[in-house]
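Following: one structure in structure tokens, then a few remarks.
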Amino acid sequence: MSEHSTYTPGNPFSKWLDDRLPIIRFSKEHLLDYPTPKNLNYWWTFGAILVVMLVIQIVTGIILAMHYTPNIAMAFDSVELLRRDVNSGRVLQAAHAVGASMFFVAVYIHIFRGLFFGSYKSPREVLWILGVLLFVLMITTAFMGYVLPWGQMSFWAATVITNIIGAVPFVGESVLQLLRGGFAVGNPTLNRFFSLHYLLPFIIAAVVVLHIWALHVPGNNNPTGVDVKSTRDTVPFHPYITMKDLYAVVLFMIPFAWFVFFAPDILGHPDNYIMANSQVTPAHIVPEWYFLPFYAILRAVDFNILFIDSKLGGVIFFAGAIVVLFFVPWLDRSPVRSGLFRPLFKWFYALFVINFIGLAYLGAAPADGRVLGIDVPTFSKICTAYYFIYFLVILPILPRFETTRPLPASISENVLGKAHA
Amino acid sequence: MTMKTLIAAACLAFGLVGPVLAQEGAHSTPEIAKESWSFGGVFGTYDEHQLQRGFQVFRESCSSCHSARLLAFRNLSEPGGPGFTEGQVKALAAEYTIADPLVEGGERPGVAADRWPAPMSEADAKASFGVVPPDFSVIAKARGTTQQFPWWIVNYFTAYQEGGPDYIHALLNGYHEEVPEGFELPEGKYYNDYFPGHAISMPPPLTDGAVDYADAEEGGVNVPETLDQYSRDVAAFLMYVAEPHMVARKETGFRVILFLVLLAGLMFFVKRRLWAGIEH
């Protein structure tokens, strides 16, 4: 939406620069004038929140790395000493650890917003795919970061999760050894995870640039899902959206600060305050909360499927749960973007959200436990089934049975209608 | 990695730990009560007298076997802690011998900047006790309690961080002379209600009257010299060891959150004013 530029250089220098590197023109078009639908709700502020969280993670992370020692004998103590003896160290460390959780809170809301309002549909498929790629990169980065404090959960999560790769036929074993730098998780693993944990956020930042680029070509989706028809439907990004996003960012910082200052350990596991010990297995290995839905899917496959054993089967479903997201733009056949105008879809979507939260709960439950009177493995299978049925059956087939509500002619008409209702 | 570890890890990954857990369930662990702590909640601070008493229990009882390698002597005189004077800490540190390869003889008296010396090497501990007693630096954070759904959700709003001290208090009061019927207690182990698996290597470390507290006339506070009191005091002290600057952290938290709430309030009005002319 930047075909026509309104920028005219104000002085000879900016004219000179504009002919050589039109960076001021670019900034004006994309950071100030970028036309944004005026009916965006607060679910749309999580993009900006995510950018802020990425910056916070990178800044705190760089400072933490100045004090961290990637060696299995010293890593645990170096994190503790950072908290005890470095000025503001305990705030930085807590902000980084809690920040990872808040980052995932924001990204899940961002993804679920996209799923409800059909933000993945044409012409935003590439935008969506880049988003899923960012999610995968975030998962990888967070997993490696969790290993660095070298507590018991760090070590055993690293062992269990890297084992997943070992289940891949033919190449699994050698890839596993390459990843671990040996036959078991040890010092080489810690070193390479530290190196990659420092690298990946910058790759994330680069993909974020592509993600925003892919956003600025078609422009934002909006709660009605109706395309922008005229300039009456939009507001300039600055000051309208910048101000709204900043307000949302400050609000988001309140629960973030609550955890950092009043409950920095509540989102973690006590076992991670025990230094890693390969000889002692924790009674109950659980990943960080933000991986729990996918962990539940991994555990749900505890049976062999024909010649595929349960271990490989679990890995296929685990990877499939993320890979399926890449295909959502083509799986959903409904021409109507927004869930607001799809009376049946709404219910399946609501169930999908509940189902996803249920998977998270099941991922943390002991395998021999019971939830709502159903044993955990059975319940996990039901929820895993719905997760895939939603994407592979409901999204493609539902449009055939669904009569969508009439769409407003334009964003402005919808907004005015709402105001007079 | 040996095949055995690989299989064990794989079993864990795929939730096949059921039988192990079920076995433990046979002698289920009683629920650990939430105790009332002076440092609990967002307004909580450490009780100086309690930390001093807890330090005494730690020093006279725990520290003959357990190390606390991250605790520095100087921590004990820092604000928010047990409130010892710098002079007291200097004198205390001097009572200990610190291994230092840089000085003649390899040993010197401790100074305030030193960390708490380990009572024995890990190899010696292993030889004497069969296990290495866990280090106490962050033990209060490395233990916890679990609440049933949905009660743990409440913890996020009350900022409950005292599961460790609750567990330590329960553990110290959880010893039994007689073992429940059907439970096979291994040689050299002790039965404890709250220890996972119930068979703990540590003998009951405290009994009523084991530590002689200073009473009010000597500058202390009169408290009963009972196991329950000792275990509360030492649990509080261990929380302090795990988090010596908790009070400063919470104080900063109040400033940060107050600032954010006021800023958000201002932003709300600015945003509303800005958007007032736009139908949206």
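The values are calculated or read from the model by the stated rules, or taken from the named source; none is laboratory data. All figures in this text were calculated on a predicted structure; none of them were measured in a lab. Ideal geometry is used to build each Cβ from the backbone, glycine not excepted, and the neighbour counts take in all protein chains shown. Remember, those area values only see protein heavy atoms, side chains included, never the ligands or the DNA or RNA. Shrake-Rupley method; radii C 1.70, N 1.55, O 1.52, S 1.80 Å.
Condition test on A:ILE24, is it open to solvent by 30 Å² or more (accessible area, probe 1.4 Å), of a type in the set (A, V, I, L, M, F, W, C), in contact (Cβ under 8 Å) with a residue 24 or more places away in the chain and part of a helix (DSSP H, G or I)? Lay out the reasoning, then the answer.
Details: open to solvent by 30 Å² or more (accessible area, probe 1.4 Å): yes; of a type in the set (A, V, I, L, M, F, W, C): yes; in contact (Cβ under 8 Å) with a residue 24 or more places away in the chain: no; part of a helix (DSSP H, G or I): yes.
No.
Could you look through region A:264-278, keep only residues that are within 7 Å of chain B (Cβ to nearest Cβ) and aliphatic (A, V, I, L, M), and pick out the one that is surrounded by the fewest Cβ atoms within 10 Å (Cβ to Cβ)?
A:ILE266
Can B:LEU258 be described as within 14 Å of another protein chain (Cβ to nearest Cβ), part of a helix (DSSP H, G or I) and either over 30 Å from A:ASN222 (Cβ atoms) or in contact (Cβ under 8 Å) with a residue 60 or more places away in the chain (or both)? I'd like the intermediate steps shown before the answer.
Values: within 14 Å of another protein chain (Cβ to nearest Cβ): yes; part of a helix (DSSP H, G or I): yes; either over 30 Å from A:ASN222 (Cβ atoms) or in contact (Cβ under 8 Å) with a residue 60 or more places away in the chain (or both): yes.
It is true that B:LEU258 is within 14 Å of another protein chain (Cβ to nearest Cβ), part of a helix (DSSP H, G or I) and either over 30 Å from A:ASN222 (Cβ atoms) or in contact (Cβ under 8 Å) with a residue 60 or more places away in the chain (or both).
Quick one: in region B:118-144, which of the residues that are open to solvent by 30 Å² or more (accessible area, probe 1.4 Å) and within 11 Å of chain A (Cβ to nearest Cβ) is farthest from B:MET246 (Cα to Cα)? Break it down into steps so the answer makes sense when it comes.
Within region B:118-144, the subset open to solvent by 30 Å² or more (accessible area, probe 1.4 Å) is B:118-124, B:126-132, B:134-135, B:143-144.
Now narrow it down to the ones that are within 11 Å of chain A (Cβ to nearest Cβ): B:131-132, B:134-135, B:143-144.
Working: B:VAL131: 31, B:VAL132: 28, B:PRO134: 23, B:ASP135: 20, B:ARG143: 17, B:GLY144: 18 Å.
The selected residue is B:VAL131.
Examine region B:95-114 for a residue that is within 14 Å of chain A (Cβ to nearest Cβ) and within 17 Å of the chain's Cα centre (by Cα), and state whether such a residue exists. Walk me through how you get there before you give the answer.
So in region B:95-114, the residues within 14 Å of chain A (Cβ to nearest Cβ) come out as B:112-114.
Narrowing the set further to residues that are within 17 Å of the chain's Cα centre (by Cα) leaves none.
The answer is no; no qualifying residue exists.
Can you spot a residue in region B:210-221 that is open to solvent by 50 Å² or more (accessible area, probe 1.4 Å), touching a residue at least 60 places away in the same chain (Cβ under 8 Å) and either acidic (Asp, Glu) or more than 24 Å from B:PRO134 (Cα to Cα) (or both)?
Yes: region B:210-221 contains one or more residues that are open to solvent by 50 Å² or more (accessible area, probe 1.4 Å), touching a residue at least 60 places away in the same chain (Cβ under 8 Å) and either acidic (Asp, Glu) or more than 24 Å from B:PRO134 (Cα to Cα) (or both).
Take region B:87-105 and flag every residue that is loosely packed, with under 12 Cβ neighbours inside 10 Å and in a helix (DSSP H, G or I).
B:GLY87, B:GLU104, B:GLY105 - these are the residues of region B:87-105 that are loosely packed, with under 12 Cβ neighbours inside 10 Å and in a helix (DSSP H, G or I).
Can you find even one residue in region A:295-313 that is at pLDDT 90 or above and of a type in the set (Ser, Thr, Tyr)?
Yes, there is a match, as at least one residue in region A:295-313 is at pLDDT 90 or above and of a type in the set (Ser, Thr, Tyr).
Restricting attention to region A:121-172, and to residues there that are over 22 Å from A:ALA283 (Cα atoms) and within 14 Å of chain B (Cβ to nearest Cβ), which single residue is least open to solvent (accessible area, probe 1.4 Å)?
A:GLY172
Would you be able to say whether some residue in region A:231-240 is surrounded by 19 or more Cβ atoms within 10 Å (Cβ to Cβ), of a type in the set (D, E, K, R), within 30 Å of A:MET275 (Cβ to Cβ) and in contact with a helix residue (DSSP H, G or I) (Cβ under 6 Å, 6 or more places away or on another chain)? Please lay out each step first, then the result.
Here is the first cut: in region A:231-240, the residues surrounded by 19 or more Cβ atoms within 10 Å (Cβ to Cβ) are A:233-235, A:237, A:240.
Within this subset, residues satisfying the condition of being of a type in the set (D, E, K, R) are A:233.
Going one step further and asking which of them are within 30 Å of A:MET275 (Cβ to Cβ), we end up with none.
Looking through region A:231-240, none of the residues is surrounded by 19 or more Cβ atoms within 10 Å (Cβ to Cβ), of a type in the set (D, E, K, R), within 30 Å of A:MET275 (Cβ to Cβ) and in contact with a helix residue (DSSP H, G or I) (Cβ under 6 Å, 6 or more places away or on another chain).
Going through region A:296-310 one residue at a time, which ones are crowded, with 20+ Cβ neighbours inside 10 Å and assigned to a helix (DSSP H, G or I)? Please lay out each step first, then the result.
Looking only at region A:296-310, we keep the residues that are crowded, with 20+ Cβ neighbours inside 10 Å, and these are A:296-301.
The answer is A:ALA296, A:ILE297, A:LEU298, A:ARG299, A:ALA300.
For region A:251-263, how many residues meet the condition of being more than 8 Å from chain B (Cβ to nearest Cβ) and either under 21 Å from A:SER78 (Cβ atoms) or modelled with pLDDT under 90 (or both)?
Result for region A:251-263: 0.
Within region A:192-199, is even one residue assigned by TED's automatic domain parsing to the domain that holds A:ASN277, free of Cβ contacts under 8 Å to residues at least 40 places away in the same chain and not in a helix (DSSP H, G or I)?
No: zero hits.
Can you pull out the residues in region A:70-104 that are within 26 Å of the chain's Cα centre (by Cα) and hydroxyl-bearing (Ser, Thr, Tyr)?
A:SER101
For residues in region A:241-295 being of a type in the set (Gly, Ala, Ser) and assigned to a loop (DSSP other than H, G, I, E, B), which is nearest to B:THR252 (Cα to Cα)? Working first, answer last.
Initially, region A:241-295 is screened for residues of a type in the set (Gly, Ala, Ser), giving A:248, A:257, A:263, A:268, A:276, A:278, A:283.
Applying the additional criterion that residues be assigned to a loop (DSSP other than H, G, I, E, B) yields A:263, A:268, A:276, A:278, A:283.
Working: A:ALA263: 13, A:GLY268: 21, A:ALA276: 31, A:SER278: 38, A:ALA283: 36 Å.
Filtering first and then ranking leaves A:ALA263.
I'd like the residue in region A:45-85 that is more than 14 Å from chain B (Cβ to nearest Cβ), in a helix (DSSP H, G or I) and not hydrophobic (A, V, I, L, M, F, W, C) and, out of all such residues, is surrounded by the most Cβ atoms within 10 Å (Cβ to Cβ).
A:GLN57
Has region A:176-191 got at least one residue that is charged (D, E, K, R) and either in contact with a strand residue (DSSP E or B) (Cβ under 8 Å, 6 or more places away or on another chain) or open to solvent by 30 Å² or more (accessible area, probe 1.4 Å) (or both)? Explain how you work it out, then say what you get.
As a first pass, look at region A:176-191 and keep what is charged (D, E, K, R): A:180.
Add one more test, that the residue is either in contact with a strand residue (DSSP E or B) (Cβ under 8 Å, 6 or more places away or on another chain) or open to solvent by 30 Å² or more (accessible area, probe 1.4 Å) (or both), and what stays is none.
Taking every residue of region A:176-191 in turn, none turns out to be charged (D, E, K, R) and either in contact with a strand residue (DSSP E or B) (Cβ under 8 Å, 6 or more places away or on another chain) or open to solvent by 30 Å² or more (accessible area, probe 1.4 Å) (or both).
Of the conditions (1) in a helix (DSSP H, G or I); (2) without any contact (Cβ under 8 Å) to a residue 12 or more places away in the chain, B:ALA248 fails just one. Which one is it?
Among (1) in a helix (DSSP H, G or I); (2) without any contact (Cβ under 8 Å) to a residue 12 or more places away in the chain, B:ALA248 violates only (2).
Please work out which residue is nearest to the other protein chains (Cβ to nearest Cβ), limiting yourself to region B:38-76 and to residues that are open to solvent by 10 Å² or more (accessible area, probe 1.4 Å), small (Gly, Ala, Ser) and within 21 Å of B:GLY209 (Cβ to Cβ).
Taking region B:38-76 and keeping what is open to solvent by 10 Å² or more (accessible area, probe 1.4 Å), we get B:38, B:40-43, B:45-50, B:52-53, B:55-56, B:59-67, B:69, B:74.
Those left that are additionally small (Gly, Ala, Ser): B:38, B:40-41, B:61, B:63-64, B:67.
Subset that is within 21 Å of B:GLY209 (Cβ to Cβ): B:61, B:63-64.
Values: B:SER61: 22, B:SER63: 19, B:SER64: 22 Å.
Residue satisfying both the conditions and the ranking: B:SER63.
Within 14 Å of chain A (Cβ to nearest Cβ) and at pLDDT below 95: which single residue out of B:GLY163, B:GLY209 fits that description? First the steps, then the outcome.
Working: B:GLY209 fails: within 14 Å of chain A (Cβ to nearest Cβ).
Matching residue, one of B:GLY163, B:GLY209: B:GLY163.
Looking at (1) β-branched (Val, Ile, Thr); (2) in contact (Cβ under 8 Å) with a residue 12 or more places away in the chain; (3) outside the structural domain of A:GLY186 (by TED's automatic domain parsing), which is the one condition that is false for A:ILE305?
With (1) β-branched (Val, Ile, Thr); (2) in contact (Cβ under 8 Å) with a residue 12 or more places away in the chain; (3) outside the structural domain of A:GLY186 (by TED's automatic domain parsing) applied to A:ILE305, the lone miss is (2).
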